[in-house]
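I have placed the structure first, in the form of structure tokens, so that the comments after it can refer back to it.
The values are calculated or read from the model by the stated rules, or taken from the named source; none is laboratory data. The model shown is predicted, which means the values in this text are computed figures rather than measured ones. Heads up, the Cβs are rebuilt from the backbone with ideal geometry, glycines too, and the neighbour counts pull from every protein chain shown. Each accessible area value is taken on the protein alone, full model and side chains, heavy atoms only, with ligands, DNA and RNA left out. Shrake-Rupley method; radii C 1.70, N 1.55, O 1.52, S 1.80 Å.
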Amino acid sequence: MAIIHGSFYSETLYKLTNYTAILPEQPYDEVDVMYLLHGRSGNCQSWVNQTGVSRYAADMPLVIFCPEVDLSYYCNMACGGKYWDFLTKEFPQKMAQFHPYIFSKTYVVGNSMGGYGALKWMLAEPTTIDFVGLLSPLVDVRRLLTLFPETKTEFQAVFQSEEIYDHSEYNLLTRLASEKLGKLPKIMHICGEQDFLYQDNLLLEKALTSVNNDYWSSFDQGSHDWYEWDRGIQQILNFLKKSEG
């Protein structure tokens, strides 16, 4: 597959931003599109640099777009850029403009903070997404405050305070438990049993099982690292190949 590292001026963020595109070398009449979201310590090149995603997807009619969102948690920040609007509105529009394929199905996949963004996107726009892949997702952002107090400044920049977070749309577990949800897309949820977010992911598994009949989870040996996510993205792509085949 062709790998393109690009940049453009975002009218939503009021700054230059980067992205990575992974494109099929074969000509296809239609392709599916995957938005592949990076984690807290990553950027738009992380998936290409740390995994074999371009090899795993080589024989698929699939384009993959990786945005860059800094430490925004894929949200409109209280003190910072409107990264939620960028992700869900401007970025897909720009990708369609720069890479004018005919898109069929839409997939959203993310690891860690990117998993939080993927889950949030699914809850906001369930009818526009056909599949969601969650790899060691950050389920409750407050967990980072407990484990890593040094993240308090970035938490406040996005959510202002824990009290505001608790009663906002950003508290995804509460939303899953309290909101009346319509039909959700297919979900694949993967997390390692040695992951520091494992217990939160068990809570997420319980919540998603209760609201979605098309949900599949795999909890096995593994940590919060790229070895686990490389295996995970391979599982996801194999699953999509079989389901589309």
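Listing for the model above:
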{"item": "Residue tally, condition closer than 20 Å to A157 by Cβ and part of a loop (DSSP other than H, G, I, E, B), over region 95-130", "result": "1"}
{"item": "Unmet criterion (only one of (1) of a type outside the set (A, V, I, L, M, F, W, C); (2) within 29 Å of F103 (Cα to Cα); (3) open to solvent by 60 Å² or more (accessible area, probe 1.4 Å); (4) in contact with a Leu (Cβ under 7 Å, 6 or more places away or on another chain)) for K183", "result": "(4)"}
{"item": "In region 218-242, the residues that are outside any loop (DSSP other than H, G, I, E, B) and open to solvent by less than 50 Å² (accessible area, probe 1.4 Å)", "result": "S218, F219, E228, W229, D230, G232, I233, I236, L237, L240"}
{"item": "Which numbered condition G133 misses (of (1) part of a strand (DSSP E or B); (2) open to solvent by 50 Å² or more (accessible area, probe 1.4 Å))", "result": "(2)"}
{"item": "Region 137-155, subset under 14 Å from G39 (Cβ atoms) and part of a loop (DSSP other than H, G, I, E, B), residue nearest to the chain's Cα centre (by Cα)", "result": "P137"}
{"item": "Whichever residue in region 104-147 is out of contact with any Leu (no Cβ under 8 Å at 6 or more places or on another chain) and of a type in the set (K, R) and, among such residues, is modelled with the lowest pLDDT", "result": "R142"}
{"item": "Residue list for region 232-245, filter: among the charged types (D, E, K, R) and free of Cβ contacts under 8 Å to residues at least 12 places away in the same chain", "result": "K242"}
{"item": "From the options E193, E205, E228, residue that is farther than 19 Å from K105 by Cα, in contact with a strand residue (DSSP E or B) (Cβ under 8 Å, 6 or more places away or on another chain), in contact (Cβ under 8 Å) with a residue 40 or more places away in the chain and charged (D, E, K, R)", "result": "E228"}
{"item": "Scan of region 149-163 for residues that are open to solvent by 50 Å² or more (accessible area, probe 1.4 Å) and in contact (Cβ under 8 Å) with a residue 40 or more places away in the chain, ordered by number", "result": "Q156, Q160"}
{"item": "Region 64-94, residues that are surrounded by fewer than 22 Cβ atoms within 10 Å (Cβ to Cβ) and not in a loop (DSSP other than H, G, I, E, B)", "result": "N76, K82, D85, T88, K89, E90, P92, Q93, K94"}
{"item": "Subset of region 115-129 [among the hydrophobic types (A, V, I, L, M, F, W, C) and either under 19 Å from G232 (Cβ atoms) or loosely packed, with under 15 Cβ neighbours inside 10 Å (or both)]", "result": "A118, L119, W121, M122, A124, I129"}
{"item": "Subset of region 197-210 (residues that are open to solvent by 10 Å² or more (accessible area, probe 1.4 Å) and either touching a Ser or Thr at 6+ places or on another chain (Cβ under 8 Å) or hydroxyl-bearing (S, T, Y) (or both))", "result": "Y198, E205, T209, S210"}
{"item": "Yes/no for Q194 being open to solvent by 10 Å² or more (accessible area, probe 1.4 Å), of a type outside the set (D, E, K, R) and in a loop (DSSP other than H, G, I, E, B)", "result": "yes"}
